[in-house]
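Written out below as structure tokens is the structure these notes cover.
The values are calculated or read from the model by the stated rules, or taken from the named source; none is laboratory data. A quick note: this is a predicted structure, and the numbers were derived from the prediction, not measured. Note that each Cβ is placed from the backbone with ideal geometry, even for glycine, and that neighbours are counted across all protein chains shown. Please note that ligands, DNA and RNA were not included when accessible areas were found on the heavy atoms of the full protein model with its side chains. Shrake-Rupley method; radii C 1.70, N 1.55, O 1.52, S 1.80 Å.
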Amino acid sequence: MGILDGKKILIAGIASERSIATGIADAMHREGAELAFTYLNDKLKSRVEKVAERCKSGLLYPCDVASDTEIEQLFLNLSKDWPKFDGFVHAIAFTTGDQLEGDYLDAVTREGFRIAHDISSYSFAAMAKGAKPYLNEKSSLITLTYLGAERFIPNYNVMGLAKASLEANVRFMASSLGTRDIRVNAISAGPIRTLSAAGISGFKKMLSQFESMAPLKRCVTIEEIGNSAAFLGSDLATAVTGQILHVDNGFSTTALPND
Ligand code: NAD
């Protein structure tokens with residue numbers, strides 16, 4: 001018996017085997033959830049198919065969250081397979097490469113700011129608006145954030161602002177959907193080497209500093225993020241909403257390394 005038995009959950013944000021959304025899909029499948037998946041474009045479809053296959057799912061839908069039409073179409077298509085479902089995972093972020101390098105004020109542009117906030121924050125609310133008619137009571141919406149929302153992190157630049165916006169989105173969405181007994185939370189993950197993370201200048205250094213400073217003295221894995229997401233998606237977390245859960249080996253609680 002799994003903690004997600006009987007739950008139907010949509011996963012958005014797989015781009016590779018290393019994606020955080022892949023770790024979440026594997027954990028949710030292990031815990032008994034039925035899963036459906038989105039993919040950004042045809043180039044990424046076969047990678048998502050691989051994960052879907054091992055999670056015993058044939059439900060795959062294209063969705064670029066930059067497009068309201070594609071989001072609307074996603075939930076129309078999904079509703080034909082699942083008239084009702086129990087939540088989704090939003091593991092999506094994007095900004096252009098020039099934004100993730102160098103001094104914040106030198107790097108930030110109006111267009112970089114707009115794209116980062118649109119794809120990495122607004123899209124969570126946009127997906128919730130599209131999903132709302134089809135969500136069961138006790139549904140759970142989960143997004144992924146990073147410590148750069150709360151503190152300065154070199155080179156993270158405008159993504160820090162977009163994550164701060166995403167975290168505020170979590171609180172406002174939790175209130176909006178709370179009247180229907182639907183919960184909204186974010187996992188603030190420690191740094192993990194994924195395709196998106198590779199775009200952040202100096203990421204390798206960030207990982208080694210993280211390891212030496214975190215109380216648990218190691219990096220976080222996508223399996224560990226997956227386990228926390230499975231908990232948030234389950235009825236074990238029915239009183240948890242509007243929260244930012246730090247799954248970061250304690251890094252965010254520490255000011256100086258203990259060495
Ligand atoms: P990833 O590159 O594997 O996943 C990012 C996903 O965003 C990809 O699947 C990509 O297809 C999707 N995406 C980008 N633009 C999109 C669009 N317009 N429409 C639909 N999908 C789009 O990287 P990841 O690290 O697994 O990132 C997942 C989430 O976790 C992101 O929100 C990221 O900011 C967050 N996060 C990552 C780390 C880390 O260190 N890797 C730490 C904390 C939070």
**Scattering curve values for segment 8-246, log₁₀ I(q)/I(0), Debye with Cα scatterers, q = 0.07 Å⁻¹** = -0.21
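Could you work out the percent of alpha carbon pairs in segment 126-179 separated by over 13 Å, rounded to a whole number? Present the calculation step by step, with values, prior to reporting the outcome.
Working: 894 of 1431 pairs.
That fraction is 62 percent.
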**Rounded if a/c under 1.5, otherwise prolate or oblate - segment 48-103, Cα gyration tensor axes** = prolate
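Relative contact order for segment 8-246: what percent, with Cα pairs under 8 Å and sequence separation of 6 or more?
Numbers: 459 pairs, mean separation 53.6, N = 239.
Averaging sequence separation for qualifying contacts and normalising by length gives 22 percent for segment 8-246.
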**Request:** Report the residue, chosen from Asp42, Asp118, Asp103, that carries the largest GNM mean-square fluctuation when the chain is represented by alpha-carbon nodes joined by springs under 10 Å.
**Result:** Asp42
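Compute the FRET efficiency between Gln209 and Asn136 as 1/(1 + (r/R0)^6), taking r as their Cβ-Cβ distance and R0 = 45 Å, and round to the nearest 0.05.
On the way: r = 42 Å, r/R0 = 0.94.
About 0.60, to the nearest 0.05.
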**Message:** In whole Hz and in residue order, list the ³J(HN,Hα) couplings for segment 196-213 that follow from phi through the Karplus curve 6.51 cos²θ - 1.76 cosθ + 1.60, θ = phi - 60°; x for Gly and Pro.
**Reply:** 4, 5, 4, x, 8, 4, x, 5, 4, 5, 4, 5, 6, 5, 4, 4, 7, 9
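Pull out a ≥ b ≥ c, the square roots of the eigenvalues of the alpha-carbon gyration tensor of segment 10-103, then state rounded if a/c is under 1.5, prolate if not and a/b is larger than b/c, and oblate in the remaining case.
Values: a/c = 1.99, a/b = 1.37, b/c = 1.46.
The shape class here is oblate.
Past 31 Å, Cα to Cα, is the threshold; run Lys50/Lys138; Lys56/Lys205; Lys43/Lys163; Lys45/Lys80; Lys7/Lys204; Lys163/Lys217 against it and keep the listed order.
Working: Lys50/Lys138 29 Å; Lys56/Lys205 38 Å; Lys43/Lys163 27 Å; Lys45/Lys80 20 Å; Lys7/Lys204 37 Å; Lys163/Lys217 25 Å.
Beyond 31 Å: Lys56/Lys205; Lys7/Lys204.
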**Prompt:** What 222 nm value per residue comes from the helices of the chain, counting each DSSP H run with n ≥ 4 as -39,500 (n - 2.57) and dividing by all residues, nearest 500 deg cm²/dmol?
**Reply:** -12500 deg cm²/dmol
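Assigning unit charges at the beta carbon (Lys, Arg +1; Asp, Glu -1) and nothing else, what dipole magnitude in debye, to the nearest 20, does the chain show about its Cα centre? Spell out each step's value before the answer.
Working: 27 positive and 30 negative charges, 52 e Å.
Magnitude of the dipole: close to 260 debye.
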**Request:** Name the long-range amide H neighbours of Ser188: under 5 Å, sequence gap of 5 or more, or other chain; modelled H, no Pro or chain starts.
**Result:** Thr145, Leu245, His246, Val247
**Prompt:** Of the residues Ala168, Ala214, Ala239, which exhibits the maximal mean-square fluctuation in a Gaussian network model of the chain defined by a 10 Å Cα contact cut-off?
**Reply:** Ala239
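Could you look at the chain and say what percent of its accessible area is carbon and sulfur, using a 1.4 Å probe and all protein chains?
That fraction is 54 percent.
For Leu216 and Phe172 in the same chain, what is the full-extension length gain: residue separation times 0.36 nm, less their Cα-Cα distance, in nm?
Numbers: separation 44, 0.36 × 44 = 15.84 nm, distance 3.23 nm.
Extra length available between Leu216 and Phe172 comes to 12.6 nm.
Within 13 Å, Cβ to Cβ, of Ala33, how many net charges do the neighbouring residues add up to if Lys/Arg are +1 and Asp/Glu are -1?
Working: positive: Lys7, Lys8, Arg30, Lys56; negative: Asp5, Asp26, Glu31, Glu34, Asp86, Asp235.
That sum, taken over residues with Cβ under 13 Å, equals -2.
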**Request:** May I ask for the angle, rounded to the nearest 10°, between helix 158-178 and the longest principal axis of the chain, with both axes built from Cα atoms and the value confined to 0 to 90°?
**Result:** 30
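Give me the 1.4 Å probe accessible area per residue for the chain, excluding ligands and nucleic acids, in Å².
On the way: 12100 Å² over 259 residues.
Per-residue value: 47 Å².
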**Message:** Below 10 angstrom from the Cβ of Pro62, what's the summed charge of the other residues (Lys, Arg +1; Asp, Glu -1)?
**Reply:** -2
